[in-house]
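Take a look at the structure below.
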Amino acid sequence: MKGVRFEFATATRIVFGPGVLAELGEIAAGMGRRALVVTRRTPERAGAARERLEAAGVACVAFSVTAEPTVGDVRRGADFARAEGAEIVVACGGGSAIDAGKAIAALLGNGGDPLAYLEVVGRGQPLTKPSLPFIAVPTTAGTGSEVTRNAVLASPEHRVKASLRSPLMLARAAIVDPDLLLGLPSPVVAASGLDAFAQLVEPFLSIRANPMVDALCREGLVRSARSLRRAFEGDSSEPVRVDLALASLFGGLALANAGLGAVHGFAAPVGGMFDAPHGAACAALLPAVLRVNLEALSRRRPESPALARYREIAAIVTRRPDAVAEDAVAWTESLVRALAIPGLSRWGAGEGDVPALVAKARAASSMKGNPIELEESELAEIARASL
Ligand SMILES: [Zn+2]
């Protein structure tokens, strides 16, 4: 690497802390008087958000997505918002709701069809105009989507997921309130928490890693490692919720500015070909990706700086300064087992799907950040071991 050079971009404003949802109304009222409120499936979880908006004089129209958003959902949402005269978009929910809201806000600002702008399966035209003002309120601790500049959309006819991506899609405000994590079911805690963990590990090992993102990853890994297992076992105390919310936020900041790797490279086709939620797919893929990447680096690129980073991750998660690189893999394997994450076969993937998964993972944008270019046989090994 020739010296240090990086850029860092994020939401215009990040408001973090237990109870900060109370500030939503005032923040939104400064941007518009009529909000499209995007939620996942049932809008109850967004009830408190709507109350805050309405109390501040912001009228709400509701739009919900039934699952991870599709190109069709976003098309419908944008048409509905236009018909209703929405001036801002507020997304309240997990990554599905936030990605849907982010994509709808981008379309409202730019016009046209989502396929015009979508990577991989669409025409990939750049967005040229600002999104409608967009506020993200995460209610899970996993995706970090409140601070990323892309929205992942499923294209059912192509059986793949792809992103709308532009710096113009960054939220005007991210309101991250750890109190909203109260009452999350433990399988959601597990899958979303391991997605956040993967989003701290992959940018830290990425070929685009930089000192600013490294600092966020180190801090996020400490918090995730000490609190995720406790949260899964039922500890919903405030310090644990703060740790999970910060790990998720820092993972989002990291991935948006340093890229990802093979976990997310595979997660895109897994989510497109099967009905696997993003977090569950990432969690199932994480142990094999860490192991195969470490073996490939040790064998073919023993000079790679990623190897020292494996040792550093191992020391952070095990809290043993003398930990070796392999300990990072073993610790992660045992966490994924303890959190009862099923293999990809749970979602219908089988041995016969390995070649298609490998071919699609190779083309995924996330794969570009992987610390080493994996060979065909190594990619197949990851897919097979994750079934
Ligand atoms: Zn992820």
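To the nearest 10 degrees, how steep is helix 376-385 against the longest Cα principal axis of the chain, on a 0 to 90 scale? Value to nearest ten degrees: 70.
Within the stretch 56-84, whose backbone N sits under 19 Å from a point 7 Å along Cα→Cβ of Asp275? Once the point is set 7 Å along Cα→Cβ of Asp275, 65-73 turn out to lie under 19 Å by backbone N, inside the stretch 56-84.
If R0 is 35 Å, the Cβ-Cβ spacing of Asp235 and Glu303 corresponds to a FRET efficiency of close to 0.25. At q = 0.10, 0.12, 0.14 Å⁻¹ the log10 of I(q)/I(0) for the chain amounts to -0.59, -0.86, -1.18, computed by Debye summation with a single uniform scatterer per C-alpha, solvent ignored. Each of His278, His264, His158 has its accessible area taken with a 1.4 Å probe; listed largest first, they run His158, His278, His264. In the stretch 194-282, Rg over Rh equals 1.01, where Rg is the alpha-carbon radius of gyration and Rh the Kirkwood radius from pairwise Cα distances. Relative to the dominant Cα principal axis of the chain, helix 95-110 is inclined by about 60°. Think of it as helices only: each DSSP H run of n ≥ 4 in the chain is worth -39500 (n - 2.57), and spread over all residues that comes to -16000 deg cm²/dmol at 222 nm. Considering only alpha-carbon pairs that sit under 8 angstrom and 6 or more positions apart, the relative contact order computed for the stretch 254-387 is 40 percent.
Projection of the Cα convex hull of the stretch 35-144, averaged over all directions and equal to a quarter of that hull's surface, yields 6.7 nm².
Charged side chains reduced to their Cβ positions (Lys and Arg at +1, Asp and Glu at -1) give the stretch 268-387 a dipole of some 240 debye around its Cα centre. Classify the stretch 332-387 from the C-alpha gyration tensor, please: rounded if a/c falls under 1.5, else prolate or oblate depending on whether a/b exceeds b/c. Oblate shape, in that a/c is at least 1.5 and b/c is the bigger or equal ratio. Along the Cα-to-C-beta direction of Ala340, a point sits 7 Å from the Cα; which residues of the stretch 188-225 have their amide N less than 16 Å from that point? The answer is 188-194, whose backbone nitrogens lie closer than 16 Å to the label point. Computed about the Cα centre, the dipole magnitude for the chain is approximately 560 debye when only Lys and Arg (+1) and Asp and Glu (-1) carry charge, each at its Cβ. DSSP bridge analysis restricted to the chain gives an antiparallel fraction near 20%, rounded to the nearest 5. Placing pseudo-labels 7 Å out from each Cα toward the beta carbon at Ala363 and His158 gives an inter-label distance of 0.8 nm. Using all C-alpha to C-alpha distances in the stretch 93-175, build P(r) with 5 Å bins and read off the rounded percent in each one. With 5 Å bins starting at 0, P(r) equals 3, 18, 28, 25, 17, 8, 1. Contact order for the chain, expressed relative to its length and based on alpha carbon pairs under 8 Å spaced 6+ residues apart, stands at 15 percent.
Count Lys and Arg as plus one, Asp and Glu as minus one, and take only other residues whose Cβ is under 14 Å from that of Glu68; the net charge is then +1.
Could you tell me which of rounded, prolate or oblate describes the stretch 210-343, using a ≥ b ≥ c as the square roots of the eigenvalues of the alpha-carbon gyration tensor, with rounded for a/c under 1.5 and, failing that, prolate when a/b is larger than b/c and oblate otherwise? It comes out rounded by the Cα gyration axes. Between the stretch 211-235 and the stretch 81-133, how far is it from one alpha carbon centroid to the other, in angstrom? One Cα centre to the other: 31 Å. Among rounded, prolate and oblate, which fits the stretch 41-102 when a ≥ b ≥ c are the square roots of the eigenvalues of its C-alpha gyration tensor, a/c under 1.5 means rounded, and a/b larger than b/c means prolate? The shape class here is oblate.
Under 30 Å between C-alpha atoms is the cut-off here; go through the chain and count lysine pairs that meet it, provided they're at least eight residues apart or on different chains. For the chain, the number of qualifying lysine pairs is 10. Applying a DSSP loop filter and a limit of 14 other Cβ atoms within 10 Å to the trypsin sites (Lys or Arg not before Pro) in the stretch 317-387 leaves Arg319. Note on the stretch 1-100: the C-alpha convex hull projects to 8.8 nm² when averaged across all orientations.
When exposed loop sites are taken as GluC sites (Glu not before Pro) in a DSSP loop with at most 12 other Cβ atoms within 10 Å, the longest stretch of the chain clear of them is 8-156.
The values are calculated or read from the model by the stated rules, or taken from the named source; none is laboratory data. Not measured: the values here are computed from a predicted model. Glycine gets a Cβ as well: all are built from the backbone with ideal geometry, and neighbour counts include every protein chain shown. The accessibility values were calculated without ligands, DNA or RNA, using every heavy atom of the protein model including side chains. Shrake-Rupley method; radii C 1.70, N 1.55, O 1.52, S 1.80 Å.
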